[in-house]
Amino acid sequence: MSETNELGRGGRLRGAAAGELVAAAFAAESAHGPRLARGLSLADLAHAVALVEGGDLAGDDAGTLLRGLLELHAIPGEEFPWDPALGDAFNAREAELERRVGRSAAGWLSAGRPRREAFRVGVRLTARWGVLDLHDALADQVSALTRHARATRAALATDYTYLQPAQPTTIGHLLLAYAYPALRDAARARVSHAALGQSVAGAGGSAGSRWSLDRGRLAELLGCDGLIEHAKDAAWQVDVYVELLSTLAIAATHQSQLAQDFEIYASQEFGLLELADAHSRASALMPQKKNPYALVAIRTQAGQAAGDVTGALVALHTGSARTDHFHLLNGTIPRALDEAVSIARLTASVLDGIELRAARFEQIARDSFVTAADVADVIALSGALDYRSAHKVVGRAVRDLVETDDPPSALTPARLSAAAEAALGEPVTIDDAALAAALDPAACAAARKQAGSSSMAAMAAMLDELDASLAEHARWSAAARERRGAAEAALLFRARALAGH
């Protein structure tokens, strides 16, 4: 290609770009091309259609331009000739368009808009598609968790805080603690999807243009739901991307917490669950090992996602209307979404394939002093002591049992009364049957009264609520995909009609 193909050279600029500039900047921008290809193509097609419909472009050049853009649209992004020497992905598209249709028709591509507008539209469309995929992967996580939770809603388990056995619960209740964050992440994805649905097309440089470009029509052609009203704000708005990156980072953090917990639960020492072989990796040295490798990938992406938010915020510490922002975001947003979607799908797959070891969950619950708080509750509810005093007595009783290496079942009314004498200076009386019931972790897990607890009634209500939420999310996703497909089909149909196809 000639040296004049990089935008502005041979006009305002003399000579070719420095090799160092190509290597350090143009190559990075050109590398965004494969991920942005479809969005850039639709941005160009919508712009050309709007020029023709507005009456500013007619005749042979109009049809030729649209036919050329339709040809480019058919080229997969990975196969397009992205040449860093040309500057960026837009320049590469423009050069290939000129090669195919000639300068006269290709020269209309930038009429009424700077090349950054094509990128703004392209990255916005790409992000909107990606966040929809993320939403669906997060919903799949919730679906897998609720399926397991329904099957284990009565299976005894212990909750953990500080990795210590805490209170008796059920396996199903434990699993739903991961489902609700994923559901909130899916809701945040929908908020980003709506924000990204506001069109930035037709803003011109930053104050509009004299060309007859109908911004409402452009929004319709691109399948958008409305406009970013102010032209400069449309051209340079970035907070929507920071919010998106924050959504990715929050979702990644929730998945990382799950992965951290599951790696511990899958260890030989805990033995509470096992990952499917398909999500594991063998050791190259130690043949006995089955490493939960998928969990490593999940945690690693969380670190990258947190770094992406930080990098975006740092890049924004410049004046307004600077290229710094999008030099970073044009590459970060599509890449971060690709990674987020892949990891969210992996997490859903891991959850779908886990083997839960109910017998081991129950063993730990029965061997640990997880009913201690319930014993204190029963004493306090009987009126024998206030709760703080009851807590102190039971804590002393547990200490005595631990020191004699006795199990929770060894706690008797007599030993409890002796602990009260030692802790408070006075005995306490509790009925044998009441103490036995309070020491039964399964009975304790079932006795919870509050919404969201481990009782059967609360579990049934949560599972019903999650089923209803998942059904609504599925309907929303299907409608969003249908609107996207219809808008793209309508744009291509209109472009073909105007091109004379």
Exercise. Which percent of the Cα-Cα distances in region 285-436 go past 20 Å?
Worked result: 68 percent
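Below 15 angstrom from the Cβ of Val370, what's the summed charge of the other residues (Lys, Arg +1; Asp, Glu -1)? Walk me through the numbers on the way to the answer.
Details: positive: Arg360, Arg366, Arg448; negative: Asp159, Glu362, Asp367, Asp374, Asp377, Asp440.
Spelling it out: positives minus negatives among the neighbours equals -3.
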Exercise. Based on the alpha-carbon gyration tensor of region 1-134 and its eigenvalue square roots a ≥ b ≥ c, which shape applies: rounded if a/c is under 1.5, prolate if not and a/b is larger than b/c, or oblate?
Worked result: oblate
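Using the scaling law 2.2 N^0.38 Å as the reference, what is the normalised Cα Rg of region 361-432?
Numbers: Rg = 11.7 Å, N = 72, 2.2 N^0.38 = 11.2 Å.
Rg over 2.2 N^0.38 Å, computed on Cα atoms: 1.05.
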Problem set entry | Coil-residue GluC sites (Glu not before Pro) of region 157-261, DSSP, other Cβ within 10 Å capped at 13 | Glu229
For this session: State, to one decimal in nm², a quarter of the convex hull surface area for the C-alpha atoms of region 165-218, i.e. the direction-averaged projected area.
Result: 6.6 nm²
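Send over a whole-number figure in Å² for the accessible area per residue of the chain, probe 1.4 Å.
Details: 22610 Å² over 501 residues.
Ligands and nucleic acids excluded, the result is 45 Å² per residue.
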For this session: Enumerate the aspartates and glutamates that Lys232 could reach by cross-link, defined here as Cα to Cα under 19 Å, with residues fewer than 8 away along the same chain left out.
Result: Glu117, Asp214, Asp324
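Where Lys and Arg each count +1 and Asp and Glu each count -1, what net charge lies around Asp308 among other residues with Cβ under 14 Å from its Cβ?
-2
Taking only DSSP H segments of four or more residues, each worth -39500 (n - 2.57), what value at 222 nm results for the chain once the sum is divided by all its residues, to the nearest 500 deg cm²/dmol? Could the numbers behind the result be given before it?
Numbers: 19 runs with 320 residues, N = 501.
Roughly -21500 deg cm²/dmol at 222 nm, from the helical runs in the chain.
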For this session: Note down the relative contact order for the chain as a percent, whole number, built from C-alpha pairs under 8 angstrom at least six residues apart.
Result: 18 percent
For this session: Using a 1.4 angstrom probe on heavy atoms only, work out the carbon and sulfur share of the accessible area of the chain in %.
Result: 53 percent
For this session: Taking the convex hull of the Cα atoms, report for the chain its projected area averaged over all directions, in nm².
Result: 30.6 nm²
Exercise. Efficiency by 1/(1 + (r/R0)^6): what FRET value for Ala489 and Glu78, r their Cβ-Cβ distance, R0 = 22 Å, to the nearest 0.05?
Worked result: 0.45
Exercise. Cα-based Rg (one decimal) and Dmax (whole number) for region 124-229, in Å?
Worked result: 22.2, 71
For this session: Using DSSP, restrict attention to beta bridges with both residues in the chain and report what percent are antiparallel, rounded to the nearest 5.
Result: 70 percent
Problem set entry | Under-5 Å amide H pairs with Asp159, H placed in peptide plane, nonlocal only | Ala166, Gln167, Thr169
Exercise. If one takes the longest principal axis of the Cα atoms in the chain, at what angle in degrees, from 0 to 90 and to the nearest 10, does the Cα axis of helix 115-151 lie?
Worked result: 20 degrees
Exercise. When the scattering of region 346-466 is computed by the Debye formula from its Cα atoms alone, each counted once and equally, what is log10 I(q)/I(0) at q = 0.14, 0.21, 0.23 Å⁻¹?
Worked result: -0.68, -1.17, -1.31
For this session: Treat each spin label as a single point 7 Å out from the Cα along the C-beta direction, and report the Leu285 to Ala443 distance in nm.
Result: 5.2 nm
Exercise. So what is the relative contact order of region 46-147, in percent, for Cα pairs below 8 Å that sit 6 or more residues apart?
Worked result: 23 percent
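Estimate the FRET efficiency between Ala384 and Ser409 by the formula 1/(1 + (r/R0)^6), using the beta-carbon distance for r and 22 Å for R0, to the nearest 0.05.
On the way: r = 22 Å, r/R0 = 0.99.
Approximately 0.50, to the nearest 0.05.
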Exercise. Which listed residue (Ala336, Gly33, Ile364) has the Cα farthest towards the positive end of the charge dipole for the chain, taking +1 on Lys and Arg C-beta and -1 on Asp and Glu C-beta about the Cα centre?
Worked result: Gly33
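The values are calculated or read from the model by the stated rules, or taken from the named source; none is laboratory data. For clarity, every value in this text was computed on a predicted model and none was experimentally measured. Cβ coordinates were reconstructed from backbone atoms using ideal geometry, including for glycine residues, and neighbour counts include every protein chain displayed. Side chains are part of the model used for accessible areas, which takes the heavy atoms of the whole protein and leaves out ligands, DNA and RNA. Shrake-Rupley method; radii C 1.70, N 1.55, O 1.52, S 1.80 Å.
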